[in-house]
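Worksheet: the structure to be examined is printed underneath.
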Amino acid sequence: MSIPPPNLDDRSFQDIVDETKRMIPRFTPEWTNHNVSDPGVALIELFAWMSEMVLFRVNQVPEKLYVHFLNLAGIELFPPTVAHADVTFWLTAPATQPVGVPVGTEVTTSTAATDPVIFSTVREAVAAPPRMRAAHTTRAREEQVVDGWDDLTYLGSSLTCFTSEPVQAGDALALGFADSLAGLALRLTVEATAEGIGVDPADPPLAWEVWTGEAWTAVEVRSDSTGGLNRNGEIVLLVPQAHEPLTLGGTVAHWLRVRLVHPAPGQPTYNASPRIAALRADVVGVTVPAEHATSTGQENLGRSTGVPAQQFRVGSVPVAARREDERVRVVVGEVVTDWTEVGDFSLSGPTDLHVVWESTTGTVRFGPRIRYPDGTVRQHGAVPPDGAVVQVTGYRYGGGARGNVGARTLSSLRSTVPFVGGVVNLHPAGGGVDAETVTEAKVRGPLTLRTGQRAVTAGDFERLTRETSVEVARARCLPATQTPNGAVRVLVVPQLRTDPRTHRIDDFALSEPLLRSISDVLDARRTVGVAVEVGTPYYQGVSVAALVKALPGRPAALVRQRALDVVDRYVNPLTGGPDGTGWPFEHEISAASIGQLIEAVEGVERVEELLLFEYDLRTGRRLGSGRDVLLPEAHTLFLSAEHRVVVR
């Protein structure tokens, strides 16, 4: 049983009023009118109300002490995490020589805004002219590779893209480049004739792909004016951040291919293969990862006094997770030493150059001197000598949900970059989460103190996963006995602080940094011989069809919107379920429960009919017929999809 906190003063407003009135005969016996209409009694009630507010704050002292106890135990608030986005820098003209975008280049939502959202590139990017040196065609049902370089480069000849007769899905044309195209915006200028008739020029059944080392990965088609390689025009492709060499037809190159795919229902395909007379590749842009953080250079924090447990603070907070080149440095005359950041000083000796750098407050702490019960005094971590200059080589600050900006909002450069004409994020940013609140830390703290840092039981794996980052909202551990390969599998639901009505399945994907962080934490704490896999649950779409009777005089559109809002929040992995903390794993959903929910909506008289449909979240289609109950598959969470509510 937990220890109940004491109530330092349990007097209420009425208790204070009554106590004051009982003092009137003693101090002012001439005051005989004690009714509420008396001005004096009104003043008593006013001061009683003010006193009650003071007592309320007094009773918060145990809460404050509780937080201090967590601090003493080493439970610190998680700092905010930074949002990430890929930003594309468009060149003023196709690159004829390497064009570099320096690391730390800052882009913002608007230079005119009073408080713009600023992103910085995390690495240097170089847009170099491509060197195409090979062209091969492959057939779908044969492993035959035909060299088509001569047909593509000789004047007067043309290259047949798909060589099967008739053309078949899987036929491909592969273009080989001497260097990697990773992250580049590639423009292909095509000279072609309308041989590949039969297709819809606006929607040809083609897939552009690059080899990334283990598989062919899709390439985003930014624009295509060739009508599916059928006429002269340009194709702008955005190559992914990975592009590896592959031996194809005896040629080692970085391959880009266009593959004929099976047409979708109602989509026409080629009656004959398109033919290309000439093709030229140019680089017109480069895409580089960026994060919601602002970089600072070297910063002096002050001078050491030579005493243990010194603290210094950087100028801007919160501080993002440090990189290798972001360190604490101590300068003594001509001698410069870099100190190692650690989580705490428990394992630090008196000569270890260790510091603790708190991300939330930006405080840099040096080792303390501790007196032990046996009377000995030990120094944990070295202390900079008196007069030494303490500085940081640089750091980045920022983060939070504010950085989850939409697509095409990062459109301004904070400083000019040679040969760069513009910038844009073609996809929304994600991964930004606000700092952990005290309430959240109060829930996490006892769990950490109770179970330590081991990973043995399913609960241990779930707890450690939640503690890894504030980006983790929920975790579910499947023991090795429940997985086909005998590995412990941890299912992670990321934290989304956006409106539940806007949640889509792609929002619940795990970012690469978060996946790597969780894997590293669990790998360090698992028992020997236990394999651990980290993934996401299976999200099963739910579509509701309801016929609702509204109360007289209530606007049908308003009632419908209220009903949709309630359903979207209820059928949600984060805000749904009976208790509002997220839809439970493997918990069925019934039409009766949703009907009761809608009937409680303001303006609804009754729900006349309601059915549930399974929904394919990828294709956007309902599956099967309506039901009264949907049973989830194993390790599944329900996610609200497209609903239809008719109000009459």
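Every read-out reported here was derived from the displayed coordinates using simple, explicitly stated rules and does not represent laboratory data. Everything quoted here is computed from the prediction, not taken from an experiment. When we count neighbours, we look across all protein chains shown, and the Cβ atoms used for this are built from the backbone with ideal geometry, even at glycine.
Figures for the structure shown
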read-out: Cα-Cα pairs of region 453-535 separated by more than 14 Å (percent); value: 61
read-out: Inverse mean reciprocal Cα-Cα distance (Kirkwood Rh) of region 13-59, Å; value: 11.2
read-out: Sparse-neighbourhood loop sites, trypsin sites (Lys or Arg not before Pro) in region 98-188 - DSSP loop, at most 11 other Cβ within 10 angstrom; value: Arg141
read-out: Length added when fully stretched, Thr217-Val528, from 0.36 nm per residue minus Cα-Cα; value: 108.5 nm
read-out: Cα Rg, Dmax (largest Cα-Cα span) when computed across region 206-265, Å; value: 12.8, 37
read-out: For peptides 99-109, 385-395, sequence by mean Cβ density within 10 Å, most packed first; value: 99-109, 385-395
read-out: Relative packing of peptides 227-233, 636-642 - highest average C-beta neighbours within 10 Å first; value: 636-642, 227-233
read-out: FRET efficiency estimate (nearest 0.05) - Cβ-Cβ, Asp18 to Asp325, R0 45 angstrom; value: 0.10
read-out: Efficiency of FRET between Glu512 and Val54 - r from beta-carbon atoms, R0 41 angstrom, step 0.05; value: 0.20
read-out: C-alpha long axis of helix 556-570 to longest principal axis of the chain, angle in °; value: 90
read-out: Kirkwood Rh and Cα Rg combined as Rg/Rh, region 538-647; value: 0.97
read-out: Distance (nanometres) between label positions extended 7 Å along Cα→Cβ at Trp149 and Thr340; value: 5.1
read-out: Distance from region 577-648 to region 317-377 (C-alpha centre basis), Å; value: 53
read-out: Relative contact order of region 132-286, pairs being alpha-carbon contacts under 8 Å that are 6 or more residues apart, as %; value: 34
read-out: Convex hull of Cα atoms in region 109-203, direction-averaged projection (nm²); value: 10.8
read-out: Efficiency of FRET from Cβ geometry, Arg408 and Val646, R₀ 41 Å, rounded to 0.05; value: 0.70
read-out: Crossing angle, helix 438-451 versus the chain [Cα axis fit, 0-90 degrees, rounded to tens]; value: 90
read-out: Theoretical ellipticity at 222 nm over the chain - DSSP helices of four or more residues, -39500 (n - 2.57) apiece, nearest 500; value: -5500 deg cm²/dmol
read-out: Ranked Arg504, Arg57, Arg365, criterion: other C-beta atoms within 10 Å, fewest first; value: Arg57, Arg504, Arg365
read-out: Stretch gain in nm, segment Glu234-Leu631, where the contour uses 0.36 nm per residue and the Cα spacing is subtracted; value: 138.0 nm
read-out: Helix 458-468 vs. the chain, principal-axis angle (Cα, 0 to 90°, nearest 10); value: 90
read-out: Sequence-separation-based contact order of the chain, relative, with Cα cut under 8 Å and 6+ spacing, percent; value: 13
read-out: Rg/Rg_globular for the chain, with Rg_globular taken as 2.2 N^0.38 Å and Rg from C-alpha atoms; value: 1.26
read-out: Order of Val330, Val126, Val548 - criterion: other Cβ atoms within 10 Å of each residue's Cβ, fewest first; value: Val126, Val330, Val548
read-out: Tensor-based shape of region 132-286 (alpha-carbon gyration tensor, a/c under 1.5 rounded, otherwise prolate or oblate); value: rounded
read-out: Anisotropy class of region 355-479 from Cα gyration tensor, a/c 1.5 cut; value: oblate
